[in-house]
Structure formats: structure tokens, C-alpha cells
1. For Y546, enumerate residues with amide H under 5 Å from its amide H, sequence gap 5+ or separate chain, H modeled in the peptide plane.
2. Report, to the nearest 10°, how far helix 150-166 tilts away from the longest principal axis of the Cα atoms in the chain, using its own Cα long axis and a range of 0 to 90°.
3. Simple spin-label model, 7 Å along Cα-to-Cβ: D59 to K199 in nm?
4. Principal axis lengths of segment 308-452 from Cα atoms, whole Å, largest first?
5. Reachable aspartates and glutamates from K240, Cα under 13 Å, same-chain residues fewer than 8 places away excluded?
6. Would you please put 340-353, 401-414, 70-83 in order of how densely packed they are, using the mean number of other Cβ atoms within 10 angstrom per residue and starting with the highest?
7. Checking a compactness column here: for segment 243-297, what do you get for Rg(Cα) / (2.2 N^0.38 Å), N being the number of residues?
8. Jot down the per residue volume, in cubic angstrom and as a whole number, of the convex hull over the alpha-carbon atoms of segment 291-372.
Amino acid sequence: MKQLYILTLAFILFTWSNTFAQVQGPINLSDPDEFSYLQPKEYVIAGVTVKGAQYLDTDVLITISKLSVGQYIEVPSESTSNVIKDLMAQNLFEDVQLWATRIDGENIFFEIRVQERPRLTRIDINGLSKSQTEEINKRLNANAGRIVNDNLLQSTKNTITKFLREKSFLYPDIKIQTLKDSAQSNNEIVVVDVDKNKKIKVNSVHFSGNETFSNSELTKYLKGVRPRKWYRIFGPGKFKDDKYKEAKEKLVAKLQDKGYRDAQIIRDSVYRFDNNEVAIDIEVYEGPRYYVGNIDWTGNTKFTDSVLNIILGIEKGNIYSEEKLTSKLMGPTRNSDDISAIYQNDGYLTFNVNPIIKRIYNDTIDLEIQISEGKQYTINNVIVKGNDVTNDRVVLRSIYTKPGQKYSRELIMRSIREISQLGMFDEQKITPDIPSSTMNHDEGTTDVVFNVVEKPSDQVELSGGYGAGQIIGTLGLTFNNFSTSNFFKKEAWKPLPRGDGQKLSIRGQTSGKRYQSYSFSFSEPWLGGKKPIYFGLSAYTSNSSYGGFNYYTGEQMVADRELQRIWMSGVTASLGKRLQWPDNYFQINSSLSFQRYKLQNYGNYFLFSDGTAYNINFTQEISRNSIDAPIYPTSGSNIRFSVSLTPPYSSWNDINYKTDPDPVRYKWTEYHKWKFDSQWYTKIAGKLILKSQAQFGYLGNYTNRTETSTFERFKLGGDGMQGFDFLQGSEIIAMRGYANGTIIPASTGNGYQNIAINSGSPIYAKYQLELRHPILLNDQATVFALAFAEAGNTWNKFSEVNPFKMRRSAGVGARIFLPIFGMLGIDYGHAFDPIPGMRTDSWKQSFTFSIIQNMGGF
């Protein structure tokens, strides 16, 4: 019986094998009903094809399958199974099958049948703003045609979650689904519904493990994380992952700076407090407090140990602070009081210092400071790169780093400041470089390269306005990089000759016959091109008419001789020189001016109403400007003191200033004028800058025979822009929150009429505090926001001066610097002290607009 069973089974297998060998139809090798792994047979692969691939390369799929024509293969076997596994592992297919389409003896023909995953048409994001959606799409890089799979869906969710966390939305609800695209076969649209929920803020921070430092101290050191406190008017700060990470680093750094060099955060967790807030738990390890022990110097030959100890400023027994040690050894770039600076300012370009902890015992750390002085380097060449318009000599003559000098880090930084002061290059992109290829170690020489980026420096002022029944148009052109040396070179006119750092300005303003004003100025900062001698020449002419005009039509209703008129013209020549004492930030400037004023029917605005007056004055000015950048200063000061003098005509003429006619008494303007202005820039924290300013002015007369000049007075209040007040010979001082010229001395009297006829005050003082923070700093535009507080007042004589009785204002504003237009400003100011005798809407001016083209100095 057993033998019969074996013979029967052998017959069945033989019959099945013989039938299989002659199969002509397709057989699914992945179907166990078709093939049995108990009886595999070896074949030669005679052909491989792919069916169902729409977007993928069939040759690549065959390569991945590892099925090669001519290859021997067992069917079925692990090799045939791996074909499906390998292809499915690509995550490109919904289904993969391996078929034998034909078996001819020992030859087998394979067909790989695939069903590709759907392709992406687009990703629709709902629940976010347009700008947020655009930003997420940039991050997703969700191009049409990508495979829609779990990886795509998960990465989409992760990207949106990360973006929202950056915006303090820590717990958003995100739902993703796919929809068939009816327009394209096998394509899908991914739809993402986002509910951001509320921004998450910090409720509280809990510390554990701290023994020396209190919770409040540690919270204060955790800069950037603001938990809820009763005294915070605007509530707790938003939680952001990057800010929190920085805050932890600052906390540890602060503890280490206090001497706890082993301090670290052992564990921290951020967990949900409620729907709107999170709580933070931080476990710290303070460790012991360390103190400085012995300090040994090695490698120093130029300076003795005692000199280096004095410069270091760290003594035995001081609290050990790695941050302070590093700062005193290799201080900030602009400092000159660290160990590295005293070497590098004396030519030691390759100087290096390395502090080593030599020994730690109990709470004391002994230090060994290893110095590698290197060789003194001399500058071989100074090269400027990137100045496509400005001539090399304009840059090279301004910098303090010269060929033949010893290398000096301090002079490099000073040179960067001087280049930025030119106003022709982007201050943020002036970078010095010491190319290693130019360093000759044997001879001790090197080149210094200043890389600069030109920015547009020419400016245009084009404006029009309507007021008092007339249209006033203004056109001004300022060329800050003009070149007279190329004036007669036709090829240099693009559209004007440029590159010599000269300044040419032309401005015109008119409303027709009623008002016209034209001005011209030219300046050369290096007269002759060899020495820093400043030369300036300016001229102006203007006239205005009042009264006798139809307010609505502007039509003149009376004869010319009946109009109120004032004509003004003048010319000024200036010479200036940079000084070397007390330091090379000082500059002295002298100027001689001639002005002519002609009045007709001018009523009570001046001391006389008809006649001609002349003003010849000499002005001597000394200034010191050490600010680091002209547009957005972050450090330094700008101080100016000037005296303007006219000849003391009353000392030698025989004019009776009480009885002689007005044209005789006021023909020659007589005065002495003193002005002081100071600006200080201090970095408070990060990019927050404090500007402090104090201004004073005094206009006096030489003798009691004459009255104080009606010209050259001070008008305080408003935007500070020269308008019609300039035609009245007054100097305009801005004070935001108050209307133009409304801050008058108390002794002048109350009421709008007194302000209207006021030609200015002989004495003024003004103080200002302004906090600034940048929004955008680049060569295309500089934008910063500000908050200010101001106080100022005017007086008619010294006996009235009271520095504690000031008009006060405060407010906020913004500035934007566009190279072609200059500095544009808008401020909102609130004035606190009313002007007696005037309505609130008359002396207040909440919004103030300003245009400042000249960014050099004051």
C-alpha cells in the first residue's frame, strides 16, 4: 500500500511538472495557489517587462528588481519574493505583482505589474493667512507631481507645526485628508485644515536644585522668557522654542559668570498649563563657586608679567569668570583695552593667547596664560574692492591704515568708520580682510583689503502741496558723489560725472509770483586732493509776497507796491580742517557769509517794515564727531560749538538808534550768536540704542545802543523743516508735539496774534531722549522705530531763563532712509504744557513729517 501511494504521488508531480514546463499563459508567482515553494524549479530569465508604470522609468524598475536576462533563477524562491519587497520598499506603489507570462522549456518570461501611488496636484491649506500660507508653501517645496504617501502627509504636518511653533502657536489642530483630482487620473489634492488656536504664553517658571540663587534671580537670568507677573502691564511673554533655547544658554552663562563654572541645567520640561499658557520646570545644578588663584604668563617677551596683569585686571581671589577672562584677553572688536588689542595695535597680526586651567584645588583655579606673540607686521598695500563708481583715492585718503605702517586693529576699525562716513557705501557690508596669500611671514608684511558695496547716494526731492490758496512745487537734486575733475570728459556723464566724493545740490521751490526760492551748494571735502581741508560754497535767493491775493483763486487784487514783500539773497564760503589735537575726531570750520534782506510793507514782523538790511557775518565752529555710522549710529558722540559774529557797527558809527529812520538804523545787521549742540549714542541692550541730545542758542548785541537783531533768531516747535520761516531769517528748531514756532517766551505775551508776528526768540534750550530700534538695515533701505521725550523753551533775556521750566512732549515715530530720497520721518507727539492764550488745536501738532537729506553731522 505504501509503495502504491509513493508511485501515485510521483505520477502526479511528474504530470504537473510536465504541464508547467509547457505553460503559455501568465501565472502570478506571488499567488501560492499558482506556485508551490515545495517544488521550485530552476529557469533561465529570457525576458523582463514592466506593466502599469506611467511616470517611472521601466529600466530603472527592472534594475531595482534585480532580474537580469540570462540569469538563472529558482521559481518560486526568495529571489522572486525579493522582487516585490524591493519595489514596494521604494514607497512608490500601491501594489506590485510578479507574473510569469510564458515558460518555454527552461526559459521563463517575467512581467512586473505595478500600480503607482497617486501623484500630487497641489496642497490646499485652510485656516491660515495668505502670507502664512505662502511661507509654508516655500518651506514645503510641494511641487506638483510628487508621490502622495504617508511621508508626504507627515512632513506636511510637521512643517506646519514647526512654523506655527515659531509664531507661538504651540498646540494647533491639524487635519489632513486627500481628495481625488477629477481633472487628472491617479492624482490627488492634499487638503490641510488648520486651527491655530491661541498663541501660547508663559504662565510660570519653577526652579529646583538651586541653593545659592533664588527663583527670582534665576528667572531674571532666563533672558527672553517672561512669565506672568502682576507688574507686567502687557502680560506674560510669548513662548518660542528658539528664544527658550537661547534663554537656557544665557542662564547657564550667567551662573558661570558668577563663578559657578560647573553650573548646568540637568533637566527641563515645558508642559501645558491651560489652553493659553505653558509652565516650565527647570532643575539646575549650581556646583561650588570658584575663585582665581595664581596666574602665570608664558611666551611673553614684549610686556612683562606685571604689565600684563595690570591690563588683565583680574587678581588672585577674584571670582572666577570665564566670560570676563575671555573678554580681557580677546575683547570685543572695537575695544582697545584688552591683551589682544595692545599687541595687535602694535603690529602683532598673528598674536594668539590661550588660557589654560593649570590646577583646581578646593574652590581655587590656577591659570596659565600661554601667549604666542608672533612677528610684527607692516602693511604693504592697502586695497579697496567693490567701489565701482567711487575713485580709489576718495576711499584711501579717508582711512587711517596706510602702507608702511605697522598693522593696527584699532586703525582698521577707525578706517571702517571713516569709509561709512563717506555715505557712498553700505555701512553693514564694509569688511576688512587680511588675505593669507599676501602675508610674507619672512619679511613680516601683509596687504589689507577693504571690501565695500556701493549704494545709491544721489537724492531727489520732488513734492507739491496746496495751502493758503496756492500750489507750491519743490524740486531738489543732490549729488553726493560729484566729480569736477571729470566735468569735461564726455564719457563720464552717466548722467553726471561721479566718483570724487564732492557734493552738489540744487533746489527750487515756487508757487508762481507769490513765492519763489532757489538755492545752490557745492562742497569739496579734500581741497586740492592732498589734505583733509573742507571747502564749501553756497548761495540762495528767495522772495515772497503776502496780502492782496484772492485766497481761493490766487489772483493778485492790488498793485505790486501795496503787497507785503520780502526779498532775501545770500552767499556763504566755508573752509574746514580736520585736527589731530585733542584727538583726530575734531574738526574746525570757518565761514564768511553775506546776506541781503529787502522788506516792503512788512508790518510788525520785524523791527522795521520797509527798507534794506545787510548781514555780513563770520562763523567759527569746532566740532567732534565720533559716531560709528551716519544713518543709524549705535555708539559715539557728535558735538558742535559755533560762534557767529558781525562787525560791531554801533561802536564806530554816529547813528542814533532811537531817532534815525528805520532804513538807516537797521541797514547793517549787528549781533553775536552762540550755539551748542551735542548728541550721544549709547547701546542699551542688543540693538536698542539711546540717543541723548542737548541744544542751546543765544543771540546777543554788542552795546545797549541797539536792539537784539530781528534776524537770526530761534523758533522752537514743529518739524524743524525750513519753510516760510526761513524767508524771515529765523533758525528753526524742531520740537515734536507742538506746532511750528508756537513755543514763545512768556514775556512776549499770550495769544495767537503774538505767535503769528513773532520773528523768533534770542535764547532757547532743548533736551531730548530717544530710544531707537532697527527694523531693517541694508543698502536698499534703513528703517527704525523710535520713542522720544523732549523738553524745551525760549526766552527774551537771560534774567528770564529758568532751566527747570520747560515745555514737554513725548511720543513715538519711525524713520526710513532711502538713498534716493534721504531720511523720511513720521512722528506722533503729545505736548503736555499748553501755550497760554491759544486754543489746543492751535498750539498742538500731533503728527509731524520730516525730510532730511543731509545725513552728515547735524
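Since every read-out is calculated from the coordinates, none of them should be taken as a lab result. Since the structure is predicted, the reported quantities are computational estimates derived from the model, not experimental observations. In this analysis, Cβ positions are derived from the backbone assuming ideal geometry, glycine residues included, and neighbour counts consider all displayed protein chains.
1. Distant-sequence amide H within range of Y546: Q564, R565.
2. It works out to around 20 degrees.
3. With each label placed 7 Å out from Cα toward Cβ, I get 5.6 nm.
4. Principal axes ranked by extent give 64, 35, 22 Å for the Cα atoms.
5. E166, E277
6. Details: 340-353: 19.8, 401-414: 17.3, 70-83: 15.7.
By packing density, highest mean first, the sequence is 340-353, 401-414, 70-83.
7. Details: Rg = 15.7 Å, N = 55, 2.2 N^0.38 = 10.1 Å.
Taking the Cα Rg and dividing by 2.2 N^0.38 Å, one obtains 1.55.
8. Values: hull volume 6.6 nm³, N = 82.
Output value, Cα hull per residue: 80 Å³.
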